[in-house]
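**Student:** Shown below is the structure under consideration.
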Amino acid sequence: MEEENLSECPICLQPLLYPVKLPCNHRFCFLCIKGIRGPTQTNQTTKTCAMCRQPFSIELLEQNLEMNLDSKNKVFKWFYEGKTSGYWAFDERSNLELENAFHDKKDKIVISIAGFSYCIDFVRLIQYPINHPERVRKIKRCEELNTENGDFKIKGIAGLRVSERTTTTQPSSTSSSSSNTNDDNEASGTGLTDQELSQVFSESLQLK
Amino acid sequence: MAALPRRIIKETQRLMQEPVPGISAVPDESNARYFHVIVTGPEDSPFEGGLFKLELFLPEDYPMSAPKVRFITKIYHPNIDRLGRICLDILKDKWSPALQIRTVLLSIQALLSAPNPDDPLANDVAELWKVNEAEAIRNAKEWTQRYAMEDN
Ligand SMILES: [Zn+2]
Ligand SMILES: [Zn+2]
């Protein structure tokens, strides 16, 4: 049997998104556990844990969110320093894994992007390739809204350049233009789309 | 057709990478939600030596609702009816989205090892299984010989 991955949701088999811990201590994505069917059609406020069938109240679900109250309604994004200037946003899947590890108060984690393993050090706020610890880049965590306030310059997502005119962190804008300068695309400059990247990424998750 | 959910992609990958012993499940070339399944009859059961074909379909709201599974190969079993429908609680009211294709097929394999005539679907088979188990087992072996060995 494969190793149980604690940061994986047993319903969607993906990294936990907005994790919820039920009274029985089983963890799921908020939306995944919210979406499960109740034991009967008549009682919609009580459902049972998908792992152990212990009943829980759907009304208490939001209180079981593992995030701090102050950050509950805010979306945070992670960025890594470009080689020459500015910051790149992590792709969505990596961002999710970083957020989860951050909330779990981990010192460091290893994530895999397009087949390369990177160490993310939350204490020193840096990242580096496992095989090249000298190639240190800074990382940042920002509330999504603040990134548009000229706080620092965002180049794009995971090596895909966003158009200079509409710098946002929305993945939809990445398709508009992508530059050929490979100078600082090293982290994930493989020419993959965000979707392909997260595909590769989800596959590599199993290897851990 | 709508895009295949990541969960189904991941389950399929894992089924290919770490197959369940005695079970093969291969997605159809034209429909990734439809699986061609072969379960080998468990040792020390009347189904030993047989290869049983099943079909498994993942409905639109999978994993919130259970996969649909049916025996294609004829089988003499108190919990499987003439049409191959299976009486198994996890396929009905005991379904949980944390269960997977893998766990469903393992449960079906276990059902072949341990028929349960007290919770029957095929009533005449269950009846015989209760009043004359030896004869029921003889029938099951004969059906295995006749339907699950030759044309596979
Ligand atoms: Zn989930
Ligand atoms: Zn539980």
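Only the coordinates and a few stated rules stand behind these numbers; no lab work does. These figures come from a predicted structure and were not determined experimentally. Cβ coordinates were reconstructed from backbone atoms using ideal geometry, including for glycine residues, and neighbour counts include every protein chain displayed.
**Student:** Highest GNM mean-square fluctuation, chain B, Cα pairs closer than 10 Å: which of B:Leu111, B:Leu51, B:Leu128?
**Tutor:** Most flexible of the set in this elastic network: B:Leu128.
**Student:** Relative to the compact globular guide of 2.2 N^0.38 Å, what is the alpha carbon radius of gyration of the range B:6-148, as a ratio? Write out the running numbers ahead of the final one.
**Tutor:** On the way: Rg = 15.2 Å, N = 143, 2.2 N^0.38 = 14.5 Å.
Here the Cα radius of gyration is 1.05 times the empirical estimate.
**Student:** Any of B:Lys92/B:Lys141; B:Lys94/B:Lys130; A:Lys34/B:Lys92; B:Lys68/B:Lys130 with alpha carbons more than 22 Å apart? Name them for me.
**Tutor:** On the way: B:Lys92/B:Lys141 28 Å; B:Lys94/B:Lys130 25 Å; A:Lys34/B:Lys92 20 Å; B:Lys68/B:Lys130 28 Å.
Among B:Lys92/B:Lys141; B:Lys94/B:Lys130; A:Lys34/B:Lys92; B:Lys68/B:Lys130, the Cα-Cα distance tops 22 Å for B:Lys92/B:Lys141; B:Lys94/B:Lys130; B:Lys68/B:Lys130.
**Student:** Filter the GluC sites (Glu not before Pro) in the range B:4-99 down to the DSSP loop ones having no more than 10 other Cβ atoms within 10 Å, then list what survives. Walk me through the numbers before you get to the answer.
**Tutor:** Numbers: sites: B:Glu11, B:Glu29, B:Glu43, B:Glu48, B:Glu55, B:Glu60; in loops: B:Glu29, B:Glu43, B:Glu48, B:Glu60.
Hits after loop and neighbour filter: B:Glu29, B:Glu43, B:Glu60.
**Student:** Now, a different point. When the dipole is taken about the Cα centre of chain B, and only Lys, Arg (+1) and Asp, Glu (-1) are charged at their Cβ, what size is it in debye, to the nearest 20?
**Tutor:** Values: 18 positive and 22 negative charges, 105 e Å.
Roughly 500 debye, rounded to the nearest 20.
**Student:** What's the local net charge at B:Gly84, with K and R +1, D and E -1, over the other residues with C-beta under 14 Å away? It would help to have the intermediate numbers written out before the result.
**Tutor:** On the way: positive: B:Lys53, B:Lys68, B:Arg70, B:Lys74, B:Arg82, B:Arg85; negative: B:Glu55, B:Asp81.
Overall, the nearby charge balance is +4.
**Student:** Sort A:His26, B:His77 so that the residue with the fewest other Cβ atoms within 10 Å of its own Cβ comes first and the one with the most comes last. If you can, show how the numbers build up before the last one.
**Tutor:** Values: A:His26 17, B:His77 29.
So the ranking, lowest neighbour count to highest, is A:His26, B:His77.
**Student:** Also, I was wondering about something else. With a cut-off of at most 10 other beta carbons within 10 Å, and DSSP calling the residue loop, which chymotrypsin sites (Phe, Trp or Tyr not before Pro) in the range B:17-54 qualify? Please list them. List each step's numbers first, then the result.
**Tutor:** Values: sites: B:Tyr34, B:Phe35, B:Phe47, B:Phe52; in loops: B:Phe47.
Listed in order of number, the matching sites amount to none.
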